[in-house]
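**Q** Dropping a structure here in structure tokens format, bear with me for questions.
The values are calculated or read from the model by the stated rules, or taken from the named source; none is laboratory data. What you see is a predicted model, and the numbers here were worked out from it, not measured in a lab. Every residue, glycine among them, receives a Cβ derived from its backbone with ideal geometry; neighbour counts consider all protein chains shown. Please note that ligands, DNA and RNA were not included when accessible areas were found on the heavy atoms of the full protein model with its side chains. Shrake-Rupley method; radii C 1.70, N 1.55, O 1.52, S 1.80 Å.
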Amino acid sequence: MRADFKDIVAGLLLLAAALFFGLIGFSQLPLGTSFRMGPGYFPVLLSGLLGVMGLAIAGRAIGAGAAVSAGQIPWRGIVLTSGATIGFALLVPRYGLVPALVVAILLSAFASRRMTPALALALTAGLTAFCILLFRYGLGVPIPLLGAP
Amino acid sequence: MELTSHLLLGLQVAISPTNLLFCFVGALLGTLVGVLPGIGPAATVALLLPITFTMSPETSLIMLAGIYYGAQYGGSTTAILINLPGEASSAVTAIDGYQMARQGRAGAALGIAAIGSFIAGSFATLVIAWFAEPLTTVALKFGPAEYFSLILLGLVASTALAHGSVLKALAMIVLGMLLGLVGTDVNSGQLRYTFGVGELADGLGIVAIAVGVFGIAEIFRNLENEQEREVGVKTVSGLMPSAADLKASAAPIARGTAIGTILGVLPGGGALLASFASYAVEKKLAKDPSRFGKGAIEGVAGPESANNAGAQTSFIPMLTLGLPANAVMALMVGAMTIQGIAPGPSVITDKPELFWGLIASMWLGNLMLVLLNLPLIGIWVRLLSVPYYILFPGIIAFSAIGVYSVASNVFDLYTLAAFGLIGYLLVKLGFELTPLLLGFVLGPMMETYLRRAMVLSRGDPSYLVTEPLSAALLAATASLLCLLLLPSVTRKRSEVFVEED
Amino acid sequence: MLKTILAATSGLALAVIAATASAQSWPDRQIRMIIPFPPGGQQEVASRILVEKLSAELGQPIIIESRPGADGNVGTEAVAKSTPDGNTWLGSSVPFTTQVALHPKSLRYSPTKDFAPVATFGTTTFMFTVPAELPVKDLKEFIAYIKAQKGKASYAGSGRGSVVHLATEKFKQSAGLEMEMIPYAGQPPAISDLLAGRVQFMALGSVFAAPLVKAGKLKALAVMDTKRNAELPDVPTVVEAGYPDLALKSFFGIHVPKGTPEAVIQRINAAVNKAIVMPEIAERFAKSNVDAAEPNTPQQYGALIEQQVALWAGIVKAAGIETD
């Protein structure tokens, strides 16, 4: 059978999101009445709508043309780039801007396979200095360079 | 003539050396923070507020206003160059602007954005001078029912932004709205979908989501085929828009200016809706709508003009009634009060030099911005010749600092990382992300207005259609929805628009 | 579990050591004053005027940080959790004292147990305002008008637990009125619906009300104070109108987390008291409709807070508007 698997996955994903928001909303938030709508009214309404849309997208995909392949997934890039942001998040409140920037730039630099160690170090030094000049001294962003605020 | 004498008074105030200098400082600073992802005009104005105490009221407001509209200019730059909209409204510019940049036409896109913004800004400034009072009355006609219907119309119209399936675009809007509801419910004070995470009480950060789904997800996409091809720009052809570009953009700039001028007056989302509405209109009117999303210059010219016109006219409710339309305006109201000026209808009569000086400075500021930005285009375009693998660690660093500087909130950085992944997943599944962002911004507003309307009508939904203006907006929404979802149209659309990249 | 306790105690010990060590040399670094509401408000404006003087007196920069969310609870909670070394202050105002009555179970701080009062520096008043077209001339006519509406009337509230919200609830109780609250996030967004007559009533901050009333776009029926407003001397006070209980002013003050060294509290208090008697401060406050407070001790401010907590708890209870 021909089917657009990409759209089936897409539809099911939306359905899952709809169930997530809908069930939590329905069970934990008061719905209220249409006069005094509770905090759950609108989210449950939207979840219902999203669920129907998800089903429609998945349903329409059955029998439709086959999807193109997903292509390569740049795992190394995804892991290192996300790691850079998370590393920045872990370091900046405790140790300040400089260590956080060094780690974030080094990690993301190696996300690309074209990067060489020497270039990465040069890039880290240059970008860190540039960011500090721009944000700390240029814009006066109140993040300490070293240490906690 | 009265208006002429008022404008002359304003010009006298605005071209005093101090005011001219701070107008330039504001515009320059605004451009800079607009270009940098994350750190936006609201944060900048908040940081600079204490400095303005020592200035005269005119100078201080002239500089703060300069930051605000300067940021609107700057926000489009990164949207075009690296698909990184600084603000929700430049997300629209990113659609076709970024594609133009990839085709080597970044100069043309940046140039037309600056020119369109200047024309729109100048026109909107004149409108403020002429029609501030009557337009205020229009703004007051918009109650909860009208806002609800306007936002609904805006959301449905925004599916025109999508170049794929309408249904998928609608689903992204709804998903965005749900994400926008995370946080504290204004009406009841109850927490929704926060799972005990204290930082979520204020909701997910808009900056973190915008930078995540556009900026970070784009990096992942560019890393996909690294071995085979050099990503980014092919050859750069011309730094300025060609005569043909200008000709194609003239009408969209005019229409965008008109749309932005009108919608900007409405507080809360007016200016944002304007850029979306303009894009939808241009795509509808285009002879060959399939070019949109692939680098159509009209898709940059219209929304950028609408955005800037809206940014200018959003000053109207503040200047005439003391009602701030957004966070930056609220800070400017604060700046006025610190200076001992009660914002409200009396400003125009009691402080004519402030009112008209500010208006005249807006025009001067727009002129400065275009003079500042046109030469900068060369530098920006050269930035694109930096190999991508050197460029993107910088994007990550800037995004992280920008997102963190908004509220010194580490959680926003985790949101950034998570939405980079979510954005990439959604793109892989053939979804588009602009409708998601639009739903995220407008969803909570829509809920607030709906609930307010329902309390006012004591739960009677017919209130939405018995108010004439609201009824007209709903009728327009319904006919648009029919048009979009009619099977024949859908089939034709998918034949024309399906494209894989 | 043991680990958590150990971590908590050692953390506490460190905090105490840090606090005592810093009491002598305080202030040795930049001070943050957190205002738990959106930027640009009246409280922020008054605080900025004040800290200019405090900063000169204490010899350290004081930055005002706006940390809005959940009717002020996000920022307030952040201060409650901060190190009690005198370097983090809370800008306290009426909502600080009302949230505990609105959320008796879910509120994660206590205004009296987790905070130490420092000083109050200013007060501000509110006015009963109605749309210009509403066919009423004074409070008495208004009450009759609303009663004739038989529950169809609405009023604008800004944030749960604000003076705007709770004072109107109190007014409804006193006058026996039926009005539905339409919630808004802050006063400015509510004003446009009030101007257009979609809501019939709002207890609006004088700073917003005065210019609109003078321009004839709103009518003021009463000032919620014991004395008339200097800008609108024709508007009677609530006392004159027969509702002395409604003379509910809002106050602005400073709190620090409990555990802040007494010496530090006294130094801030002295600096505040020195500033608020300056004629320049009174003048600049007046322009944004804030009255400078009389010099006061931390104990006096603490007593005011306790009195306010009890007052608002009574109003919340009578109105039956608790949320958990």
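**Q** Provide a single number: the residues in the stretch C:189-201 that are touching a strand residue (DSSP E or B) at 6+ places or on another chain (Cβ under 9 Å), within 7 Å of chain B (Cβ to nearest Cβ) and open to solvent by less than 30 Å² (accessible area, probe 1.4 Å).
**A** The total comes to 3.
**Q** Which of the following residues is surrounded by 15 or more Cβ atoms within 10 Å (Cβ to Cβ), touching a strand residue (DSSP E or B) at 6+ places or on another chain (Cβ under 8 Å), aliphatic (A, V, I, L, M) and within 26 Å of residue C:28 (Cα to Cα): C:271, C:292, C:275?
**A** Details: C:271 fails: touching a strand residue (DSSP E or B) at 6+ places or on another chain (Cβ under 8 Å); C:292 fails: within 26 Å of residue C:28 (Cα to Cα).
Sole residue among the options that is surrounded by 15 or more Cβ atoms within 10 Å (Cβ to Cβ), touching a strand residue (DSSP E or B) at 6+ places or on another chain (Cβ under 8 Å), aliphatic (A, V, I, L, M) and within 26 Å of residue C:28 (Cα to Cα): C:275.
**Q** For residue B:496, state whether it is modelled with pLDDT under 85, in a helix (DSSP H, G or I), under 17 Å from residue B:204 (Cβ atoms) and open to solvent by 50 Å² or more (accessible area, probe 1.4 Å).
**A** Values: modelled with pLDDT under 85: yes; in a helix (DSSP H, G or I): yes; under 17 Å from residue B:204 (Cβ atoms): no; open to solvent by 50 Å² or more (accessible area, probe 1.4 Å): yes.
In short, no.
**Q** If you don't mind, there's one more thing I want to ask. Residues that are within 30 Å of residue C:53 (Cα to Cα), open to solvent by 10 Å² or more (accessible area, probe 1.4 Å) and out of contact with any Pro (no Cβ under 7 Å at 6 or more places or on another chain), at least 1 per element: which helices (runs of 4 or more DSSP H) completely within the stretch B:26-119 meet that?
**A** On the way: elements: B:41-48, B:57-82, B:90-102.
Correct list: B:41-48, B:57-82.
**Q** Here is a further query. Could you pull out the residue among C:163, C:118 that is open to solvent by less than 10 Å² (accessible area, probe 1.4 Å) and modelled with pLDDT under 90? Spell out the reasoning first.
**A** Working: C:118 fails: modelled with pLDDT under 90.
The unique qualifying residue is C:163.
Table: residues versus (1) closer than 16 Å to residue C:260 by Cα; (2) hydroxyl-bearing (Ser, Thr, Tyr); (3) free of Cβ contacts under 8 Å to residues at least 40 places away in the same chain; (4) buried (at least 23 other Cβ atoms within 10 Å of the Cβ).
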site: C:52; (1), (2), (3), (4): no, no, yes, no
site: C:57; (1), (2), (3), (4): no, no, no, no
site: C:60; (1), (2), (3), (4): no, no, yes, no
site: C:73; (1), (2), (3), (4): no, no, yes, yes
site: C:87; (1), (2), (3), (4): yes, no, no, no
site: C:90; (1), (2), (3), (4): yes, no, no, yes
site: C:93; (1), (2), (3), (4): no, yes, no, yes
site: C:108; (1), (2), (3), (4): no, no, yes, no
site: C:114; (1), (2), (3), (4): yes, no, no, no
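**Q** Kindly list the number of the only condition in (1) open to solvent by 20 Å² or more (accessible area, probe 1.4 Å); (2) of a type outside the set (Lys, Arg); (3) outside any helix (DSSP H, G or I) that fails for residue B:398.
**A** Exception for residue B:398: condition (3).
**Q** If you scan the stretch A:1-13, which residues turn out to be more than 8 Å from chain B (Cβ to nearest Cβ) and part of a helix (DSSP H, G or I)?
**A** If we filter the stretch A:1-13 for residues that are more than 8 Å from chain B (Cβ to nearest Cβ), which is where we start, we get A:1-5, A:8, A:11-12.
Correct list: A:5, A:8, A:11, A:12.
**Q** Next question. Looking for whichever is touching a Pro at 6+ places or on another chain (Cβ under 9 Å), of a type in the set (A, V, I, L, M) and in the same structural domain as residue A:132 (by TED's automatic domain parsing) here; the options are A:97, A:90. Which one fits?
**A** Details: A:90 fails: touching a Pro at 6+ places or on another chain (Cβ under 9 Å).
Step by step, each of A:97, A:90 is checked, and only A:97 is touching a Pro at 6+ places or on another chain (Cβ under 9 Å), of a type in the set (A, V, I, L, M) and in the same structural domain as residue A:132 (by TED's automatic domain parsing).
**Q** Name the residue, out of B:318, B:332, that is closer than 22 Å to residue B:14 by Cβ, facing chain C (nearest Cβ under 10 Å) and free of Cβ contacts under 8 Å to residues at least 60 places away in the same chain. Break it down stepwise before answering.
**A** Values: B:332 fails: free of Cβ contacts under 8 Å to residues at least 60 places away in the same chain.
After applying the criteria, what remains is B:318.
**Q** Could you grab me the full set of residues in the stretch A:14-33 that are surrounded by 15 or more Cβ atoms within 10 Å (Cβ to Cβ), out of contact with any Phe, Trp or Tyr (no Cβ under 8 Å at 6 or more places or on another chain) and within 7 Å of chain B (Cβ to nearest Cβ)?
**A** A:14, A:17, A:29
**Q** On to the next question. Among the residues of the stretch C:57-84 satisfying the criterion of being over 19 Å from the mean Cα position of the chain (by Cα) and not in a helix (DSSP H, G or I), which is nearest to the other protein chains (Cβ to nearest Cβ)? Break it down stepwise before answering.
**A** From the stretch C:57-84, those over 19 Å from the mean Cα position of the chain (by Cα) are C:57-63, C:81-84; that's our starting set.
Filter once more, keeping what is not in a helix (DSSP H, G or I): C:59-63, C:82-84.
Working: C:59: 17, C:60: 14, C:61: 9, C:62: 10, C:63: 7, C:82: 11, C:83: 10, C:84: 16 Å.
Ranking the candidates gives C:63 first.
**Q** So which residues in the stretch C:90-144 are among the small types (Gly, Ala, Ser) and over 15 Å from residue C:79 (Cα atoms)? Full working, then the answer.
**A** Initial filter on the stretch C:90-144 (among the small types (Gly, Ala, Ser)): C:91-93, C:101, C:106, C:110, C:116, C:119, C:122, C:132, C:144.
Correct list: C:101, C:106, C:119, C:122, C:132, C:144.
**Q** Related question: Of the residues C:274, C:249, C:227, only one is in contact (Cβ under 8 Å) with a residue 12 or more places away in the chain, more than 30 Å from residue B:448 (Cβ to Cβ), more than 10 Å from every other protein chain (Cβ to nearest Cβ) and among the basic types (Lys, Arg); which?
**A** On the way: C:249 fails: more than 30 Å from residue B:448 (Cβ to Cβ); C:227 fails: in contact (Cβ under 8 Å) with a residue 12 or more places away in the chain.
Result: C:274 is the single residue among C:274, C:249, C:227 that is in contact (Cβ under 8 Å) with a residue 12 or more places away in the chain, more than 30 Å from residue B:448 (Cβ to Cβ), more than 10 Å from every other protein chain (Cβ to nearest Cβ) and among the basic types (Lys, Arg).
**Q** Checking residue B:424 against (1) farther than 24 Å from residue B:186 by Cα; (2) hydroxyl-bearing (Ser, Thr, Tyr); (3) at the interface with chain A (Cβ under 8 Å from one of its Cβ atoms); (4) open to solvent by 40 Å² or more (accessible area, probe 1.4 Å), only one condition comes out false. Which one?
**A** Every listed condition holds for residue B:424 apart from (4).
**Q** Right, another one. Evaluate the stretch B:386-394: report whether one residue or more is surrounded by fewer than 18 Cβ atoms within 10 Å (Cβ to Cβ), more than 12 Å from chain A (Cβ to nearest Cβ) and at pLDDT below 85. Don't jump to the end; show me each part of the working.
**A** Narrowing the stretch B:386-394 to residues surrounded by fewer than 18 Cβ atoms within 10 Å (Cβ to Cβ): B:386-387.
Within this subset, residues satisfying the condition of being more than 12 Å from chain A (Cβ to nearest Cβ) are none.
Looking through the stretch B:386-394, none of the residues is surrounded by fewer than 18 Cβ atoms within 10 Å (Cβ to Cβ), more than 12 Å from chain A (Cβ to nearest Cβ) and at pLDDT below 85.
**Q** Kindly list, by first and then second residue, each pair from a residue in the stretch B:280-294 that is closer than 17 Å to residue B:476 by Cβ to a residue that is open to solvent by less than 10 Å² (accessible area, probe 1.4 Å) and part of a loop (DSSP other than H, G, I, E, B), limited to pairs with Cβ atoms under 7 Å and residues at least 6 apart or on different chains.
**A** Pairs that qualify, where the first residue is closer than 17 Å to residue B:476 by Cβ and the partner is open to solvent by less than 10 Å² (accessible area, probe 1.4 Å) and part of a loop (DSSP other than H, G, I, E, B), are B:283/B:292.
**Q** Out of the residues in the stretch B:174-199 meeting the condition of being more than 10 Å from chain A (Cβ to nearest Cβ) and modelled with pLDDT under 85, tell me which one is surrounded by the fewest Cβ atoms within 10 Å (Cβ to Cβ).
**A** Residue satisfying both the conditions and the ranking: B:196.
**Q** So which of A:73, A:78 is part of a helix (DSSP H, G or I) and either in contact (Cβ under 8 Å) with a residue 40 or more places away in the chain or at the interface with chain B (Cβ under 8 Å from one of its Cβ atoms) (or both)? Can you show your working first?
**A** On the way: A:73 fails: part of a helix (DSSP H, G or I).
When all the criteria are applied, what remains is A:78.
**Q** Please note which helices (runs of 4 or more DSSP H) are completely contained in the stretch C:213-324 and include at least 2 residues that are farther than 20 Å from residue C:109 by Cα and of a type in the set (D, E, K, R). Spell out how you get there, then give the answer.
**A** Values: elements: C:262-276, C:279-287, C:298-319.
Helices (runs of 4 or more DSSP H) meeting the threshold: C:262-276, C:279-287.
**Q** Scan B:368, B:362 and give me the residue that is open to solvent by less than 30 Å² (accessible area, probe 1.4 Å), modelled with pLDDT of 85 or more and assigned to a helix (DSSP H, G or I).
**A** Going through B:368, B:362 in turn, the sole match is B:362.
**Q** Here's a check for you: in the stretch B:405-421, which residue that is farther than 22 Å from residue A:77 by Cα and within 21 Å of the chain's Cα centre (by Cα) is nearest to the other protein chains (Cβ to nearest Cβ)?
**A** Looking at residues that are farther than 22 Å from residue A:77 by Cα and within 21 Å of the chain's Cα centre (by Cα), I get B:405.
**Q** Please specify each residue of the stretch B:249-292 satisfying the condition of being farther than 21 Å from residue B:435 by Cα and open to solvent by 40 Å² or more (accessible area, probe 1.4 Å).
**A** Residues satisfying the conditions are B:250, B:251, B:254, B:255, B:258, B:262, B:287, B:288.
**Q** Does residue B:354 count as open to solvent by 30 Å² or more (accessible area, probe 1.4 Å) and in contact with a Leu (Cβ under 8 Å, 6 or more places away or on another chain)?
**A** Working: open to solvent by 30 Å² or more (accessible area, probe 1.4 Å): no; in contact with a Leu (Cβ under 8 Å, 6 or more places away or on another chain): yes.
When the stated conditions are applied, residue B:354 does not pass them.
**Q** Please tell me if residue A:36 is of a type in the set (D, E, K, R), open to solvent by 60 Å² or more (accessible area, probe 1.4 Å) and more than 7 Å from chain B (Cβ to nearest Cβ).
**A** Considered against the rule, which asks whether it is of a type in the set (D, E, K, R), open to solvent by 60 Å² or more (accessible area, probe 1.4 Å) and more than 7 Å from chain B (Cβ to nearest Cβ), residue A:36 comes out as no.
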